[in-house]
Amino acid sequence: MKPILLQGHERSITQIKYNREGDLLFTVAKDPSGEVLVNVKEHSRQINDIQLSRDMTMFVTASKDNTAKLFDSTTLEHQKTFRTERPVNSAALSPNYDHVVLGGGQEAMDVTTTSTRIGKFEARFFHLAFEEEFGRVKGHFGPINSVAFHPDGKSYSSGGEDGYVRIHYFDPQYFEFEFEA
């Protein structure tokens, strides 16, 4: 199999994802170069992560600008914004519910001088439609670098700067929870 080489980025590529049809690649890189078909400039700082919904109709980005943003995969139209007080390193969309989980926290280089309470090293759950936070899960001793829902939606995992991967299984109450607007 002969690979196809796509050139354009001058610095490291941190994420790459296909769209639903498989005819577009979404890339996140540390530079603004390359052949850009559409440049989504909704974030004011570096994008750390991009993850697609199960049906690939939406994607969520996580940024150092303290937000995660939801986009339509076809039109690239910005849909929702989830705001925090710290950089967001990763965001994932639930396969079963209108929920998004965010992971992040204070910058890793500042962690040695910060307590876990002040650093905000917790996973944060938001309602997708209402953009409201409804839960937090503590446990890491440094910034969370990656989050992912299990495909069955019964658990999620987080990986942190502390070197731990934490697998969290949802309590039955999570599946009974109804968000009141």
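Points worth noting:
- For F126, the criteria (1) more than 18 Å from H43 (Cβ to Cβ); (2) assigned to a strand (DSSP E or B); (3) at pLDDT 95 or above; (4) among the aromatic types (F, W, Y) hold in every case but one, which is (1).
- The range 113-123, residues that are at pLDDT below 85 and outside any loop (DSSP other than H, G, I, E, B): T113, T116, R117, I118, G119
- With a requirement of 1 or more residues that are free of Cβ contacts under 8 Å to residues at least 24 places away in the same chain, the strands (runs of 3 or more DSSP E) lying completely within the range 132-181 that satisfy it span 133-137, 155-160, 165-169.
- Verdict on D110 being acidic (D, E), surrounded by 15 or more Cβ atoms within 10 Å (Cβ to Cβ), within 20 Å of N48 (Cα to Cα) and modelled with pLDDT under 95: no
- Residue in the range 68-106 that is farthest from the chain's Cα centre (by Cα), counting only those that are part of a strand (DSSP E or B) and of a type in the set (G, A, S): G104
- Matching residues in the range 44-67 - criterion: being in a loop (DSSP other than H, G, I, E, B) and either hydroxyl-bearing (S, T, Y) or closer than 17 Å to F126 by Cβ (or both): S44, S53, T57, D65, N66
- Taken over the range 132-163, the residue count meeting the criterion of being over 19 Å from N96 (Cα atoms) and loosely packed, with under 13 Cβ neighbours inside 10 Å is 2.
The values are calculated or read from the model by the stated rules, or taken from the named source; none is laboratory data. Remember, it's a predicted structure, so these values are computed and weren't measured experimentally. Positions of Cβ are backbone-derived with ideal geometry, glycine not excepted, and every protein chain shown enters the neighbour counts.
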